[in-house]
Amino acid sequence: MMAGSAFNRRITVFRFFLAAVSICSLSGCRPTSAGPDLVVYCSQDAVFAAEIIQRFEQQSGLKVSIRYDEESNKSLGLTNLLIAEKEHPRCDVFWNNQTLGTIRLQKADVLQPYISPNASRIPAQFRDPEGYWTGFAARLRVYLINTDQLPATEAAVTEVLNGDSLQRVAIAQPLFGTTLSHYAVLMAEWGDDKLKHWHQSLHQRGIQEVRGNSMSMNLVAEGICAVGFTDTDDAFVAIDAEKPVQMIPVRLESGQTICLPNTVAVIRNCQHREAAEKFVDFMLSAETELLMAQSASRQIPLGPVDEARLPPEVVELRHWAADGIDLREAASVHERVLDWLSAEYLQP
């Protein structure tokens, strides 16, 4: 009986092995791992990012796994996730649609320095000198103006913003996104007290505070507001829809603009370091900046590109972006601004 049982067990194991081989053959199993060659966390809109990443896959032959975060506070959400995963990183490289959150990761020791050969084409104020992050393809903070109601001039906007009523002015809630970055820049320029007074004054004079930049843009495009704080990519949505709007850059007292680049950074102790560096090289290339400039969002190349291949409106934006402020001072107060605004908006 014992011998027969042992024989039967061997037959069962052999049948299981044959079945496994058959299944593996049918499913195309390979002895190598079928996992990705690179894991990218991306806070850029998927509709714009997917084409870029597909182009990288085609050129490199690497398989990329992408984690998008489509929430309204997406760049903040992915930043928090990367900090939470710091000891056991799942991500190899972070493509952030902003800069301040990436600098926060640098301070939290989440990033690994890498100076790409293509980093030298990016102006110094838009990259970390030690290679922890590099900016590319920027947006600008702008005033979107309904030209049926107001001339598209800095003097006209200043007169409205200094007026007794701001009921015809729109701004996004500053708890996240580029409006949070805008507030951080202002705190670095003005200090805490002046920013808090300005913020309080906006509300006292009835500014239309909305959920996001696109809603600010819509209020201006539909003529409900005369002026809205927004970004260049949202402004182009209204311009492309042939609404009676124009944009001018938000300028600080120094005359500088608020230029907000995308950033790319390698994650410390990532699993696919070589692939991550190839991805960074690709993202910082003139080819990628041109692709993003030619997209509907018209993101602004920071490095040299063939201007003949740029949409004419992006050529003008490049002059505004050249006046962009160094964001590192704003990054130093970013957490303080967020703590203050969280207490203002999220208190019970």
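Worth a mention:
- Counting only residues that are more than 28 Å from Q44 (Cα to Cα) and not in a helix (DSSP H, G or I), the range 178-217 holds 4 of them.
- Residues that are among the acidic types (D, E) number at least 1 in the following strands (runs of 3 or more DSSP E) confined to the range 218-327: 227-231.
- Applying the condition of being at pLDDT 95 or above and part of a helix (DSSP H, G or I) to the range 153-177 and asking which residue is nearest to L338 (Cα to Cα) yields L161.
- Meets criteria (under 15 Å from V40 (Cα atoms) and part of a strand (DSSP E or B)) for F94: yes
- Among the conditions (1) touching a Lys or Arg at 6+ places or on another chain (Cβ under 7 Å); (2) under 29 Å from N213 (Cα atoms), the only one that Q112 does not satisfy is (2).
- R15 vs. criteria part of a helix (DSSP H, G or I), at pLDDT below 90 and more than 13 Å from F279 (Cβ to Cβ): yes
- Residue list for the range 244-283, restricted to those being of a type in the set (A, V, I, L, M), under 27 Å from G61 (Cα atoms) and under 20 Å from the mean Cα position of the chain (by Cα): V264, A265, V266, I267, A276, V280, M283
- Check on Q125, under 20 Å from the mean Cα position of the chain (by Cα) and over 24 Å from D234 (Cα atoms): yes
- Any hit, the range 69-84, residues being modelled with pLDDT of 50 or more, part of a strand (DSSP E or B), among the hydrophobic types (A, V, I, L, M, F, W, C) and under 18 Å from the mean Cα position of the chain (by Cα): no
- Condition check for A308: of a type in the set (G, A, S), in the same structural domain as Q112 (by TED's automatic domain parsing) and in contact with a Phe, Trp or Tyr (Cβ under 6 Å, 6 or more places away or on another chain): no
- In the range 114-122 there is at least one residue matching the filter, namely being within 23 Å of I83 (Cα to Cα), touching a residue at least 12 places away in the same chain (Cβ under 8 Å) and not hydroxyl-bearing (S, T, Y).
- Residue list for the range 165-207, filter: surrounded by 21 or more Cβ atoms within 10 Å (Cβ to Cβ) and of a type in the set (S, T, Y): T178, T179, S181, Y183
- Qualifying positions in the range 305-329 - in contact with a strand residue (DSSP E or B) (Cβ under 8 Å, 6 or more places away or on another chain) and either surrounded by 19 or more Cβ atoms within 10 Å (Cβ to Cβ) or of a type in the set (A, V, I, L, M) (or both): V314, L317, W320, A321, G324, I325, L327
- Condition met for I145 (of a type outside the set (S, T, Y), surrounded by 15 or more Cβ atoms within 10 Å (Cβ to Cβ) and closer than 30 Å to L38 by Cα): no
- Just one residue in the set R139, R104 is touching a residue at least 12 places away in the same chain (Cβ under 8 Å) and outside any helix (DSSP H, G or I); that residue is R139.
The values are calculated or read from the model by the stated rules, or taken from the named source; none is laboratory data. Source: prediction; values computed, not measured. Positions of Cβ are generated from backbone atoms using ideal geometry, with glycine treated the same way; all protein chains shown enter the neighbour counts.
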